[in-house]
Structure formats: C-alpha cells, structure tokens
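Novice: One structure, pasted below without further comment.
The values are calculated or read from the model by the stated rules, or taken from the named source; none is laboratory data. No experiment lies behind these values; they were computed from the predicted model shown. Heads up, the Cβs are rebuilt from the backbone with ideal geometry, glycines too, and the neighbour counts pull from every protein chain shown. Ligands, DNA and RNA are stripped out before the accessible areas are found, and what is left, the full protein with its side chains, is counted by its heavy atoms. Shrake-Rupley method; radii C 1.70, N 1.55, O 1.52, S 1.80 Å.
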Amino acid sequence: MARALGAGLRRVVRAADPVSGRLKGTQAQLAGLVERGLAFRHPRAPHGHFLTPAGHRIREGEDDAAGRSGPEPEGAASGGGTSGSRASGGVFAARVGGEEEAAEGGAARVREVRSAWQGLLELRRMSHPDGATDRPCGWERGHLVQAAALALEAAGHRPAGADAGDGGYRVRETPQPEAVAVYEAEGEALRACAATLEAAGWQAGEYTEPRTRTRYLLASPRRA
C-alpha cells in the first residue's frame, strides 16, 4: 500500500506523531489518507486527523525503509531490548535505560517528553469508548517497553546510563505476555517507579530474581 501513495502523502504519514498518530497536512492530503483508510477525522473539536492502525503500520514501514537507506540511527535498538532516545528519522523515543549514548537533556528534552506523554493521553482518550485516559490503550500493549519507559521518564525518573552502577531505571522485555521488568538499584527508587506506573494505569508488583537476588518490578497495563 505504501507504494501506491504519492511522495506528498508518504511525507505526511512519516511526519505523523509516533504515539498519537496525529497528522498535519493540507485538507486534500488528509482527505486522501482518509479515503485510503489510513487516517480518520476525529469527531470532536478541533477535529484533528489521526492515523488508523493501518496508517501506523505504513508509517512504521516507511521509517524502517528510511533507516535502511540512510545511516544507522543513534542508539538503535539492540538485541537486549534497549533503544535510543530517537528512532530513525529523528522520531522521539522514551529512554528505556542503559543506552550507550544518552539523550540530550535540558529543557528541550523535557518538552519532548511532555509532548509525547500528552500525545499518549490523547491516544488513550480516542481509543477507549468512554474516553478514559487513566488506563493504557492498544498502542501501549503493542509497545510495552517504550510505553512503560515513557510513563517513567514523563514523571521525572532518571533512566540508567551505560554504566549499570550509576543507578537509574531500566525497562526490559520479559517472557510473560503483556509484562515488562523494571530495575532500579535502590529499593526506594524502585518503589517510586511502582507508584508512578500504577498512577499511569499499570499494575506493578515487586519480585526477587532467584539466582541474583535482584529486586525488580513486574509491570503490566491495566485493562479496567
């Protein structure tokens, strides 16, 4: 389907917000995406246009294609489940902890994180029939590590750096369906992460790894 789109429509899809899917473009471009089933017009004011699930798949495919044709993006995802602060094409990504190259900090990063979190809340509002924003949506269930990391970073928790001894949170995949593991060196900081995730609509319990005796959180998105 991506090949059937003109260059202008492909640019609009690639530029969509990676979390909320909000689109910017001319009325003709937006109408063209709606006609192809790749976007919809929100019924409530201000009647923005957003990607459908099919549109999100196209955008992610476009990003993958762009990444293959250009230089390796900074902090690209590794086999261990970590990812950098930005995906290919400069798309925002929350820090999961342990990145080799840390994201630039300061006010610009704070604004990026806040904007991404607000976009996620808007996506929750649109995804749930009751318009609720207090529980995760389908996008979060499909991107567990990034979703949990965004909730933590947006609440002001510090992600771990490349050196595991420096402290900070680390969010990792687990073999369990719809669950991530969150690590923090300090017990108080780990409990603070649990409180943040629970406030963001996740269920979090504290466990101990049998062999290493390392404490961690097992967190999963709440359904109701």
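Novice: Ranked highest first by average number of other Cβ atoms within 10 Å, how do 178-189, 198-209 line up?
Specialist: Packing proxy ranking, top to bottom: 178-189, 198-209.
Novice: Roughly how many Å² of Val19 are accessible to a 1.4 Å probe, to the nearest 10?
Specialist: For Val19, solvent-accessible area is about 10 Å².
Novice: Same structure again: Ala195 to Arg11: FRET efficiency via 1/(1 + (r/R0)^6), r the Cβ-Cβ distance, R0 35 Å, to the nearest 0.05?
Specialist: Working from the Cβ atoms, E equals 0.25.
Novice: What nm distance separates the two modelled labels at Gln118 and Gln27, each placed 7 Å from Cα along Cα→Cβ?
Specialist: Each label point lies 7 Å from its Cα, and together they span 2.6 nm.
Novice: Using alpha-carbon positions, what is the distance between the centroids of the stretch 153-224 and the stretch 10-34, in Å?
Specialist: Spelled out, the Cα-based centre of one part sits 34 Å from the other.
Novice: With a ≥ b ≥ c taken as the square roots of the eigenvalues of the C-alpha gyration tensor of the stretch 144-201, please select rounded if a/c is under 1.5 and otherwise prolate if a/b is larger than b/c or oblate if it is not?
Specialist: oblate
Novice: Still on this model: Might you work out the accessible area of Arg135 for me, using a 1.4 Å probe with all protein chains in place, and round it to the nearest 10 Å²?
Specialist: 40 Å²
Novice: Using label points projected 7 Å from each Cα along Cα→Cβ, tell me how many nm separate Thr212 and Glu173, to one decimal.
Specialist: 1.7 nm
Novice: So between Ala132 and Val110, what do we pick up on full extension, going 0.36 nm a residue minus the alpha carbon distance?
Specialist: Extending this stretch completely gives an extra 5.4 nm.
Novice: In cubic angstrom, how much convex hull volume per residue do the alpha carbon atoms of the stretch 176-224 span?
Specialist: 63 Å³
Novice: While we're looking at this one, here's another question. Does the stretch 89-224 classify as rounded, prolate or oblate by the C-alpha gyration tensor (a ≥ b ≥ c root eigenvalues; a/c under 1.5 gives rounded; else a/b over b/c gives prolate, otherwise oblate)?
Specialist: oblate
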